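Novice: Here it is, the structure in full.
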Amino acid sequence: MHPFDAEKPPQLAVLLGYAGLLPFVGGALGIWVIPLGWRPFVLNALLDFSAVILAFMGAIHWGLAMRAEETDENAKLQLGLSVIPPLLGWAALAGGLPMGLSLPIFLFSFIGLYLADMHAVRVGLAPQWYPALRTPLTLVVCLSLLVAWASVLIR
């Protein structure tokens, strides 16, 4: 069986993926327990890391498109989709938006990225095991961003 057709993700990908959740979970929970004076620092760090991960995950789509045939319309779509997540992350950071607006932009960006990931699997550009890795990771990222957003809305 070709590794692309495997149902389970490689163990290293799982380990690194879950390690990447630490800044999300730590930031989202940290906002609720640290002194108020530190909250802006933690929120900014969470958004900075979110932007980095959006760029990283967008680059995966660039790579998926590069390995496909040049005439593959799905690959062209993935190539286009690869630049949207980092642009949204950059706009949310560089735009000087309030946290109450930046956080949902990141949240919806990760949801959109997940939908692009699942499309890549359906059309055969991404491996069959990808949903088994991406689904739980995306859920934790989105829950973390929701927890952080709640802290901004409530306090």
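Novice: For VAL123 and ALA45, what does the FRET efficiency come to when R0 = 41 Å and r is the distance between their Cβ atoms, rounded to the nearest 0.05?
Specialist: 0.70
Novice: Zone of TYR18 (label point 7 Å along Cα→Cβ, backbone N under 20 Å): which residues in the stretch 100-135?
Specialist: Output list for this probe position: 129-135.
Novice: Okay, next question. Mean residue ellipticity at 222 nm from the helices of the chain, using -39,500 (n - 2.57) per DSSP H segment of n ≥ 4 over the full residue count, to the nearest 500 deg cm²/dmol?
Specialist: -26500 deg cm²/dmol
Novice: Rank these for me by crowding, HIS119, HIS61, going from fewest to most other beta carbons within 10 Å.
Specialist: Ranked by crowding around the Cβ, least crowded first: HIS119, HIS61.
Novice: Anything in the chain that counts as a DSSP H helix reaching 30 Å or more along its axis (C-alpha) with Kyte-Doolittle mean of at least 1.0? List them, would you?
Specialist: 39-66, 99-122, 130-154
Novice: Further, regarding this structure: Based only on Cα atoms, what mean projected area does the convex hull of the stretch 23-154 have, in nm²?
Specialist: 7.8
Novice: Given Cα pairs under 8 Å that are at least 6 residues apart, what percent is the relative contact order of the stretch 23-154?
Specialist: Dividing the mean separation by the residue count of the stretch 23-154 yields 31 percent.
Any read-out appearing in this document is the output of simple, stated calculations on the displayed coordinates, not a laboratory observation. Since the model is a prediction, treat every value here as computed from it, not as a measurement. Quick reminder, even Gly has a Cβ in these numbers, built from the backbone with ideal geometry, and neighbours come from all protein chains shown.
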